[in-house]
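See below for the structure under consideration.
The values are calculated or read from the model by the stated rules, or taken from the named source; none is laboratory data. None of these values were measured; they are calculated from a predicted model. Methodologically, a virtual Cβ is constructed for each residue, glycine included, from the backbone with ideal geometry; neighbour enumeration extends over all protein chains shown. Heads up: the accessible areas ignore ligands, DNA and RNA and are worked out on the full protein's heavy atoms, side chains in. Shrake-Rupley method; radii C 1.70, N 1.55, O 1.52, S 1.80 Å.
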Amino acid sequence: MTRETSGPSAMERLLATLDLEPIEVDIFRGRSPQAGWQRVFGGQVIGQALMAAQRTIEAERFVHSLHAYFMRPGDPSVPIIYQVERIRDGSSFNTRRVVAIQHGRAIFALSASFQLEELGFDHQIVMPEVQMPEALLGEQQIKEQYLAHAPEAIRKYWQRERPIEIRPVSLTHYFSDKKLDPKQDVWVRATGPVPDDRRYQAAVLAYLSDMTLLDTSLYAHGTSIFDQSLQVASLDHSMWFHRPCKLDDWLLYTQDSPSASGARGLTRGSLFTRSGLLVASVAQEGLIRKKANE
C-alpha cells in the first residue's frame with residue numbers, strides 16, 4: 001500500500017507507541033497517537049500493558065497468556081500510566097498484574113503469565129480452508145469499488161492509514177442488513193516491518209487481536225459496529241500465545257460468536273499463519289447495547 005504523506009508510517013508510529021517511557025521502578029508512561037479518535041483503541045492499551053509487563057521479565061521468558069478488563073474509555077489526549085505488580089517469580093513461570101491509570105482512575109487491568117520455554121506435547125486444530133489473501137480485494141480496491149456510496153462511519157474506518165491491513169474473506173456484512181452466521185474469516189498483516197524481537201511481536205499481535213471481534217457478535221442480528229444506534233465497547237479480552245510469530249506475512253483471523261445475551265456478545269478467535277500454524281487463540285466479550293431512545 002503506497003503512502004501519500006511523508007513522515008513515519010503507521011507501523012512506525014505503533015512501534016513508537018509501544019516503546020513505553022520508564023518513569024520509576026515498574027512504572028511506565030504510554031502515549032496515544034493523535035488520530036482523531038474520541039477514545040483510545042483497546043488493542044493499544046492491551047499492547048502497551050503487555051509491553052510494560054514484559055519489561056519486568058527475564059529475557060528468556062515469554063508471555064503465554066493474558067487476561068484483561070476494560071473499565072473506562074481511554075483519553076487519547078493525555079498519557080496513560082502503567083503500574084506493574086510482580087505477583088510471582090517462579091522457577092518456570094512468572095505472573096504480572098498491570099493497571100493502566102488516567103486522571104487518577106484505573107481504566108484497564110491486565111494479568112499476564114510468562115514461561116521459560118520448554119518442550120512438551122504438541123497439537124493444534126486445522127486452519128479452515130478459505131481464499132488466500134491475494135485472491136481477495138485489497139484495501140485500495142475496496143476504497144475504489146465500495147466506499148463512494150458507503151455510510152460515513154465505514155468510509156472513515158477504511159480511509160485512515162493503519163498499522164494493520166485487514167482483508168476480509170467476505171464484505172457482505174459491511175453493506176447488507178441480512179442476518180448472517182456469527183462467524184468470519186479475516187486476513188490481517190502488518191503494513192511495515194516489525195522488529196525481530198519476540199516482545200514487540202507479542203505486543204503487536206495483542207494489538208491486532210482486538211480488531212474485528214465485536215463485529216462478529218453482531219452478524220446474527222443484521223447490523224455492525226458502524227450502526228449509530230448501538231453502543232459497543234470491549235469489556236474483557238483473553239489471549240493465549242501458542243507459538244512464536246514474526247509477523248512478516250499474512251495471518252488468518254478466524255472468528256465465531258457462540259452467544260449474545262444480556263447486552264453482551266462473546267467472540268472467539270484463532271490466528272493462523274499462511275501455512276496453517278496456530279499462533280494464538282483469543283476470546284472477548286463486548287458490550288452490544290441499543291442506545292436509549294433509538
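Among residues of the range 257-285 that are without any contact (Cβ under 8 Å) to a residue 60 or more places away in the chain, those with a beta-carbon under 6 Å from a residue that is among the aromatic types (Phe, Trp, Tyr) and part of a strand (DSSP E or B) at least six positions away or on a different chain give the pairs Ser281/Trp240.
Report yes if some residue within the range 231-253 is modelled with pLDDT of 95 or more and within 20 Å of Thr172 (Cα to Cα); otherwise report no. Yes, because at least one residue in the range 231-253 is modelled with pLDDT of 95 or more and within 20 Å of Thr172 (Cα to Cα). Filtering the range 205-233 to residues that are touching a helix residue (DSSP H, G or I) at 6+ places or on another chain (Cβ under 8 Å) and part of a helix (DSSP H, G or I) leaves Ala206, Tyr207, Leu208, Asp215, Tyr219.
Within the range 166-180, the set of residues being in contact with a Gly (Cβ under 9 Å, 6 or more places away or on another chain) and surrounded by 18 or more Cβ atoms within 10 Å (Cβ to Cβ) comprises Arg167, His173. Tell me whether the range 31-42 contains one or more residues that are loosely packed, with under 13 Cβ neighbours inside 10 Å, touching a residue at least 24 places away in the same chain (Cβ under 8 Å) and farther than 26 Å from Thr212 by Cα. No, the range 31-42 has no match at all. Looking at this structure, is Ser238 hydroxyl-bearing (Ser, Thr, Tyr) and in contact with a Ser or Thr (Cβ under 8 Å, 6 or more places away or on another chain)? Spelling it out, Ser238 is indeed hydroxyl-bearing (Ser, Thr, Tyr) and in contact with a Ser or Thr (Cβ under 8 Å, 6 or more places away or on another chain). Among the residues of the range 273-286, those identified as more than 14 Å from Gln184 (Cβ to Cβ), among the hydrophobic types (A, V, I, L, M, F, W, C) and in a strand (DSSP E or B) are Leu278, Val279, Ala280, Ala283.
Output yes when any residue across the range 252-271 is under 17 Å from the mean Cα position of the chain (by Cα), in a loop (DSSP other than H, G, I, E, B) and not basic (Lys, Arg), and no when none is. Within the range 252-271, none of the residues are under 17 Å from the mean Cα position of the chain (by Cα), in a loop (DSSP other than H, G, I, E, B) and not basic (Lys, Arg). Do the conditions hold for Arg199, that is, is it surrounded by fewer than 21 Cβ atoms within 10 Å (Cβ to Cβ), closer than 23 Å to Val279 by Cβ, in contact with a Leu (Cβ under 8 Å, 6 or more places away or on another chain) and among the charged types (D, E, K, R)? It is false that Arg199 is surrounded by fewer than 21 Cβ atoms within 10 Å (Cβ to Cβ), closer than 23 Å to Val279 by Cβ, in contact with a Leu (Cβ under 8 Å, 6 or more places away or on another chain) and among the charged types (D, E, K, R). Counting residues in the range 36-55 that are on the phi > 0 side of the Ramachandran plot and not charged (D, E, K, R) gives one or more. Among the residues of the range 226-244, those identified as open to solvent by 20 Å² or more (accessible area, probe 1.4 Å), within 30 Å of His64 (Cα to Cα) and of a type outside the set (Lys, Arg) are Val232, Ala233, Ser234, Leu235, Asp236, Ser238, Trp240, Phe241, His242, Pro244. If the condition is being closer than 21 Å to Arg268 by Cα, in contact with a Phe, Trp or Tyr (Cβ under 8 Å, 6 or more places away or on another chain) and outside any strand (DSSP E or B), then the range 104-132 contributes only Met127.
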